[in-house]
Amino acid sequence: MSQSSQQRLLALATVAIIALLGLTAFLIYNKVNLDKLVKKQNAELIEETRLKADLEKEYYSALSDLESMRGSNSELNAMIETQKSELKKQKEHIDVLLKSKSELEKAKQEISKLRSYVTEVEELRKQNAALQEDNMALMGERDELTIIVQEVQMTNEELAADKSNLTTEKDRLQAEKDVLAGKVNVASSVKVNEISAVGYRVKTSGKESDTKKANNIDGIKVCFNTTSNIITEAGTERFYLRIINPRGEVMAIEDLGSGSMMLGNSHESIRYTQYVEMDYENAVAPGCINWQPGIAFESGKYEVEIYNKGFMSGKAAFVLK
């Protein structure tokens, strides 16, 4: 082989070697870049898988927590349903983000917000629980007040019953007192006897002369004797005289001392003609009442009644012709 041929062959070998080295370098460079791309894609795939797992975990954990807070409160249950619906929408939104490799970081941030749906319900649950406690406390106070009101009402009813019983007892005692007082008054009233009643006329000399002629008399004199009564205390006693004319009318003139008196046994008011006061010392004593009305007398039967302490002490009758 000639020298020129050897040189040409050497040149071709050199070019081939250089080309081979260049190809090798290019293949190595591509492999490095491909390895980097594969590593990046693997990392992204791993991150996507992890985020999907986190999404599923957070989503179902939030659902579970929401369901655990369900109870008898209609407002709270309605909010739970709303939050579950919003939670589902948010999950679907994150699923879309996870499909885009450029949105993985945003998806990660959105996953961290899933707990907020539970937090809102939890806050409402706490508020409702606090309100329920307040309501229970108020109900307890109301029950206590109801018991107090009932006790006060029972006390008032008992007091009213006691008052009624006391009033009834008071009335009974007063009635007994009145009866006893009436008995005492009856027992202590002073009886009279030897009652005499006569008509008289006044002579020109001023002396009185007894007469039975109705058209010829000026007045009527009633005399009597008191009886002894040891129950009656010594002192002044008042005796009321009633002169009843033939027509059954009590002769009474206010200006001459007539008036009204109360009967001791019935509290009935009756008219009297005149009264006289006597010093009584539990012994027989005479007394007289002189009735001179200055009017004409009519003929017929007259009755006289004498009272002491509201009870009749004695009575008599006389006739004027």
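Structure above, values below:
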| read-out | value |
| --- | --- |
| Single condition MET312 does not satisfy, out of (1) surrounded by 16 or more Cβ atoms within 10 Å (Cβ to Cβ); (2) within 16 Å of ILE253 (Cα to Cα); (3) free of Cβ contacts under 8 Å to residues at least 60 places away in the same chain | (2) |
| LYS321 vs. criteria loosely packed, with under 12 Cβ neighbours inside 10 Å and in contact with a Pro (Cβ under 6 Å, 6 or more places away or on another chain) | no |
| Residues being of a type in the set (A, V, I, L, M, F, W, C), modelled with pLDDT under 70 and either farther than 30 Å from SER228 by Cα or exposed (fewer than 11 other Cβ atoms within 10 Å of the Cβ) (or both) - total across the range 160-179 | 3 |
| Residues of the range 219-248 that turn out to be of a type in the set (Gly, Ala, Ser), closer than 13 Å to GLU303 by Cα and part of a strand (DSSP E or B), as a count | 0 |
| Hits in the range 204-231 (condition: under 15 Å from ILE295 (Cβ atoms) and either under 60 Å from the mean Cα position of the chain (by Cα) or small (Gly, Ala, Ser) (or both)) | ALA214, GLY219 |
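So that you can scan it fast, the table gives a plain yes or no per residue for (1) farther than 21 Å from VAL319 by Cα; (2) among the β-branched types (Val, Ile, Thr):
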residue	(1), (2)
SER209	no, no
LYS213	no, no
THR227	yes, yes
ARG238	yes, no
ARG247	no, no
ILE253	yes, yes
GLY257	yes, no
ILE270	yes, yes
GLY287	yes, no
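Residue-wise test of (1) out of contact with any strand residue (DSSP E or B) (no Cβ under 7 Å at 6 or more places or on another chain); (2) surrounded by 13 or more Cβ atoms within 10 Å (Cβ to Cβ); (3) closer than 19 Å to GLY287 by Cβ.
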{"residue": "ILE231", "(1), (2), (3)": "yes, no, no"}
{"residue": "GLU237", "(1), (2), (3)": "no, yes, yes"}
{"residue": "LEU241", "(1), (2), (3)": "no, yes, yes"}
{"residue": "VAL250", "(1), (2), (3)": "no, yes, no"}
{"residue": "ILE253", "(1), (2), (3)": "yes, yes, no"}
{"residue": "GLY264", "(1), (2), (3)": "no, yes, no"}
{"residue": "SER269", "(1), (2), (3)": "no, no, no"}
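The values are calculated or read from the model by the stated rules, or taken from the named source; none is laboratory data. Every value quoted in this text rests on a predicted model; they were computed, and no experiment measured them. We place every Cβ from the backbone using ideal geometry, glycine too, and count neighbours over all the protein chains shown.
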